[in-house]
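Student: Quick one: the structure is below, and I'll ask about it shortly.
Just so it is clear, none of the values below were taken in a lab; they were calculated from the coordinates. Note that the structure is predicted; figures quoted are calculated from it, not measured. Note: ideal-geometry Cβ built from the backbone for every residue, glycine included; neighbour counts use all protein chains shown.
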């Protein structure tokens with residue numbers, strides 16, 4: 001291990017203002033804020049939060065990508081409260097369930113996210129305050145902030161091992177779990193990222209992926225460098241390319257699916273990316289052929305990070321120089337600065353290079369545990385090691401090669417999809433007697449979600465209607481790309497349905513149909 005970390009995450013804001021006080025810190029389609037002005041707004045909201053709520057209150061933040069989102073995030077940290085990011089792209093049913101599980105003291109939400117969530121304070125959050133970040137809903141953020149109050153503000157200085165965030169994840173059953181990340185965990189991510197990417201005050205981070213997801217990890221290290229955040233309201237590739245071409249974007253985190261869309265743009269070439277240094281992908285695998293395609297089209301700017309919510313973002317990294325080597329393009333890199341990495345067998349013993357086992361991580365990156373779920377925390381931790389649930393092996397140089405997951409979780413477009421959640425919805429639909437959901441390898445999505453249903457004799461199979469119902473309830477990410485029909489599901493000798501057997505059967509049937517059609 002290297003030297004211990006001495007700073008808190010909120011210190012990144014003040015480090016940035018010391019480096020570059022008059023420079024632009026955040027820019028979106030409506031707002032441009034200097035570091036000086038950003039600190040003023042963050043402290044005003046943090047003071048309001050501290051006046052309304054006790055320390056360590058749980059504050060859920062559900063918002064689109066824009067400057068007020070980052071201001072609210074920083075204010076939660078500055079007030080010494082616990083940040084709970086909620087992705088507005090989730091289906092309303094899931095987000096309500098997550099909020100009920102963690103029972104926040106305050107929900108901060110913007111107008112568009114409220115619409116997407118079909119938000120109803122009366123039924124969703126019985127005891128929490130609600131605060132709107134924009135629009136004309138009440139109570140509005142301005143109702144809490146009292147400008148020119150004259151009261152001094154000093155950022156909270158919580159213990160480094162206290163909880164900074166509760167981020168949602170889930171197990172193979174699809175039940176949501178709240179991962180408790182400490183201030184030390186998040187500071188470790190910042191230090192790992194800075195060691196890997198050497199951000200400077202000249203950098204501009206293009207924020208296009210959701211700030212409630214992987215893109216949030218770049219907020220603090222970019223600010224600590226005195227650099228600029230350029231936030232886009234959507235993932236339109238014309239707008240993205242314009243940000244690279246004319247607006248100085250030099251750093252960007254994207255899931256592979258968005259990189260593929262960018263590659264389809266006729267103007268995507270190194271000449272139109274004059275400042276780009278780091279195009280970082282994570283959250284889903286990227287096939288070597290796609291990696292090489294990206295390098296050929298955009299130049300040697302691609303890198304990757306591997307992590308999970310329980311050990312966020314920076315277990316390993318593969319930089320843009322290493323990515324150019326074909327033999328490393330199926331690797332996720334080597335351990336980051338503060339990451340202790342091992343491959344364990346089923347008895348918790350460390351395996352030598354070349355042997356496949358479960359990826360495990362130790363050190364200050366590892367979570368404090370699952371929120372109010374000590375039994376699940378104990379099942380995940382093995383002594384000093386966090387067992388990730390991923391299978392992999394290390395080569396003799398310490399490069400990690402993932403070999404799949406030890407659970408049934410489907411990673412589609414960078415998001416986790418839990419089959420049982422979709423199955424529970426399907427089985428409740430009239431006429432469906434059995435169902436199973438599985439992931440199918442896909443060059444674009446990483447994995448795409450597919451499902452098989454068995455129907456009652458008189459039931460009508462309407463794939464389009466089934467998919468629409470799932471989309472309305474769970475959101476587009478978890479909606480199967482295809483729903484197949486079988487008379488009965490295949491079972492193993494003990495009577496259990498095995499997902500991979502179902503997937504194999506469907507693939508066999510599709511190949512047979514294709515062969516018949518081409519005769």
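Student: Over the Cα atoms of region 245-296, Rg to Rh with Kirkwood Rh, two decimal places? Don't jump to the answer; show the numbers that get you there.
Tutor: On the way: Rg = 11.0 Å, Rh = 11.6 Å.
The Rg/Rh ratio comes out at 0.94.
Student: Is region 186-248 best put as rounded, prolate or oblate by its Cα gyration tensor, with a ≥ b ≥ c the root eigenvalues, rounded for a/c under 1.5, and otherwise prolate when a/b is larger than b/c, oblate when not?
Tutor: The shape class here is oblate.
Student: To one decimal place, what orientation-averaged projected area in nm² is obtained for the convex hull of the Cα set of the chain?
Tutor: Mean projected area of the Cα convex hull: 26.7 nm².
Student: Separate question: Please find the FRET efficiency linking residue 459 to residue 346, where r is the Cβ-Cβ separation and R0 is fixed at 41 Å, and quote it to the nearest 0.05.
Tutor: 0.45
Student: If one computes the Cα centroid of region 390-431 and of region 231-249, what distance in Å separates the two points?
Tutor: 31 Å
Student: Another question about this same structure. With the crude spin-label approximation of a point 7 Å out along Cα→Cβ, what separation in nm comes out for residue 89 versus residue 434?
Tutor: Going by the 7 Å Cα→Cβ label model, 3.5 nm.
Student: Cα centroids of region 30-82 and region 259-290: how far apart, whole angstrom?
Tutor: About 32 Å separates the Cα centre of region 30-82 from the one of region 259-290.
Student: For region 410-517, what does the alpha-carbon gyration tensor say about shape, rounded, prolate or oblate, given a ≥ b ≥ c as the root eigenvalues, a/c under 1.5 as rounded, and a/b over b/c as prolate?
Tutor: Because its axes are fairly even, with a/c under 1.5, region 410-517 counts as rounded.
Student: So what is the relative contact order of the chain, in percent, for Cα pairs below 8 Å that sit 6 or more residues apart? Write down the numbers at each step before the final one.
Tutor: Working: 1076 pairs, mean separation 63.6, N = 519.
Computed value for the chain: 12 percent relative contact order.
Student: Students often check this: by mean Cβ neighbours within 10 Å, which of 75-82, 26-33 ranks highest, and how do the rest follow? Please list the in-between numbers first.
Tutor: Working: 75-82: 26.1, 26-33: 16.8.
So the order, starting with the most tightly packed, is 75-82, 26-33.
Student: What order do you get for 84, 163 when you list them from fewest to most C-beta neighbours inside 10 Å?
Tutor: Arranged by neighbour count, lowest to highest, 84, 163 become 163, 84.
Student: Next question. Using only Cα atoms, find the angle between the long axis of helix 67-78 and the longest principal axis of the chain, and express it within 0 to 90 degrees, rounded to the nearest 10.
Tutor: Tilt of helix 67-78: around 70 degrees.
Student: If you restrict to DSSP beta bridges whose two residues both lie in the chain, what percentage is antiparallel, to the nearest 5?
Tutor: That works out to approximately 60 percent antiparallel.
Student: Something else: On the first, second and third principal axes, largest extent first, how far apart are the outermost C-alpha atoms of region 55-105 in Å?
Tutor: Result, largest extent first: 31, 25, 9 Å.
Student: Right, something else. Under the rule of -39500 (n - 2.57) per DSSP H run of 4 or more residues, summed and divided by the residues of the chain, what mean residue ellipticity at 222 nm is obtained, to the nearest 500 deg cm²/dmol?
Tutor: Numbers: 16 runs with 162 residues, N = 519.
Value at 222 nm, helices only, nearest 500: -9000 deg cm²/dmol.
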